[in-house]
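The values are calculated or read from the model by the stated rules, or taken from the named source; none is laboratory data. Bear in mind that the values here come from a model prediction, so they are computed numbers and not experimental data. Quick reminder, even Gly has a Cβ in these numbers, built from the backbone with ideal geometry, and neighbours come from all protein chains shown.
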Amino acid sequence: MRDKDISAKDITDRVKLRELKTLSDDHYVLRRADFDFRRSDGAWQHQKRESYDLGDAMAVLPWDRARDRVLLIRQFRWPVFEWGHRQLLVEAIAGKLDGDTPDDCARREAMEEGGVTLGALHLVSHCFASPGAVKERMHAFLADYDSNAPRAGGGGHADEGEDIEVFEVTLEQALAMVACGEIIDLKTIMLLQAAKLRTI
């Protein structure tokens, strides 16, 4: 109970910002914060941290429970390729909010990337995937969809550099792709595991 009490406290009085400087504002915003942080022992410590501000985002896993199908996408991701992963990345549909609500973004991106119309949305979490370096809160959903319904084109927007492949597998097949290392995207793993928990 003690840990829960501590984590729930507002820590604003433990942070004194000295300077927040924009280092780059190209595709995303890179800032450096110069601040003092009061440690748990009461001592103040000067720190500098860089963080990328990506803007808040949404991820959604379309799931046809009646027919046991999940819809996933494959696409090229430069940071993953730079790391050394030489395959297209398998992911759940995702996108930046760009002023939309998370629900509206989920429906827009599902149509743009997957060519599908979503039914009810089921919130899994509002989470941070890489809180040590990235300012981005992800709104993660499972969503109902009809895998037999007619599809729009999908595939993303070529003018934004998107070249998206869409495919469907059973939930168990997708989880097997996680187990064998074929799915390595964190948000996708979380959503697949959330779907599995709802079948238990």
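Among the listed residues 188, 199, identify the single one that is surrounded by fewer than 16 Cβ atoms within 10 Å (Cβ to Cβ), over 30 Å from residue 33 (Cα atoms) and of a type in the set (Ser, Thr, Tyr).
Numbers: 188 fails: surrounded by fewer than 16 Cβ atoms within 10 Å (Cβ to Cβ).
None of the other options fit; the residue is 199.
Being in contact with a Ser or Thr (Cβ under 6 Å, 6 or more places away or on another chain) and either on the phi > 0 side of the Ramachandran plot or basic (Lys, Arg) (or both) narrows it down to one residue among 196, 187, 135; which is it?
On the way: 196 fails: in contact with a Ser or Thr (Cβ under 6 Å, 6 or more places away or on another chain); 187 fails: in contact with a Ser or Thr (Cβ under 6 Å, 6 or more places away or on another chain).
Going through 196, 187, 135 in turn, the sole match is 135.
Starting from residues that are part of a strand (DSSP E or B) and touching a Gly at 6+ places or on another chain (Cβ under 9 Å), keep the ones in segment 160-185 and report whichever is surrounded by the most Cβ atoms within 10 Å (Cβ to Cβ).
Filtering segment 160-185 down to residues part of a strand (DSSP E or B) leaves 165-169.
Going one step further and asking which of them are touching a Gly at 6+ places or on another chain (Cβ under 9 Å), we end up with 165-166.
Numbers: 165: 13, 166: 20.
Among residues in segment 160-185 that are part of a strand (DSSP E or B) and touching a Gly at 6+ places or on another chain (Cβ under 9 Å), the one surrounded by the most Cβ atoms within 10 Å (Cβ to Cβ) is 166.
Residue check, residue 100 against (1) of a type outside the set (Val, Ile, Thr); (2) in contact with an Asp or Glu (Cβ under 9 Å, 6 or more places away or on another chain); (3) surrounded by 13 or more Cβ atoms within 10 Å (Cβ to Cβ), all met but one. Which one?
Here residue 100 meets the rest and fails (2).
Would you check if residue 38 is in contact with a helix residue (DSSP H, G or I) (Cβ under 8 Å, 6 or more places away or on another chain), at pLDDT 95 or above and outside the structural domain of residue 190 (by TED's automatic domain parsing)?
Values: in contact with a helix residue (DSSP H, G or I) (Cβ under 8 Å, 6 or more places away or on another chain): yes; at pLDDT 95 or above: yes; outside the structural domain of residue 190 (by TED's automatic domain parsing): yes.
The answer is yes for residue 38.
State yes or no: is residue 77 surrounded by fewer than 16 Cβ atoms within 10 Å (Cβ to Cβ), among the basic types (Lys, Arg) and out of contact with any Gly (no Cβ under 6 Å at 6 or more places or on another chain)?
Values: surrounded by fewer than 16 Cβ atoms within 10 Å (Cβ to Cβ): yes; among the basic types (Lys, Arg): yes; out of contact with any Gly (no Cβ under 6 Å at 6 or more places or on another chain): yes.
Criteria met by residue 77.
Which pairs have Cβ atoms under 9 Å, sit 6 or more apart or on different chains, and link a residue in segment 108-121 that is farther than 17 Å from residue 156 by Cβ and touching a residue at least 40 places away in the same chain (Cβ under 8 Å) to one that is among the charged types (D, E, K, R) and crowded, with 17+ Cβ neighbours inside 10 Å?
121/107
Mind checking whether some residue in segment 181-191 is in the same structural domain as residue 69 (by TED's automatic domain parsing), in contact with a strand residue (DSSP E or B) (Cβ under 8 Å, 6 or more places away or on another chain) and over 27 Å from residue 28 (Cβ atoms)? Please lay out each step first, then the result.
So the first thing to find is which residues in segment 181-191 are in the same structural domain as residue 69 (by TED's automatic domain parsing), and the list is 181-191.
Subset that is in contact with a strand residue (DSSP E or B) (Cβ under 8 Å, 6 or more places away or on another chain): 182-185, 187-188, 190-191.
With over 27 Å from residue 28 (Cβ atoms) added as a condition, the list becomes 182.
Yes, segment 181-191 has at least one match.
Could you grab me the full set of residues in segment 160-194 that are of a type in the set (Ser, Thr, Tyr) and farther than 20 Å from residue 96 by Cβ? Explain how you work it out, then say what you get.
Kept after step one, since they are of a type in the set (Ser, Thr, Tyr), are these residues of segment 160-194: 170, 188.
Scanning segment 160-194 gives a single hit, 170.
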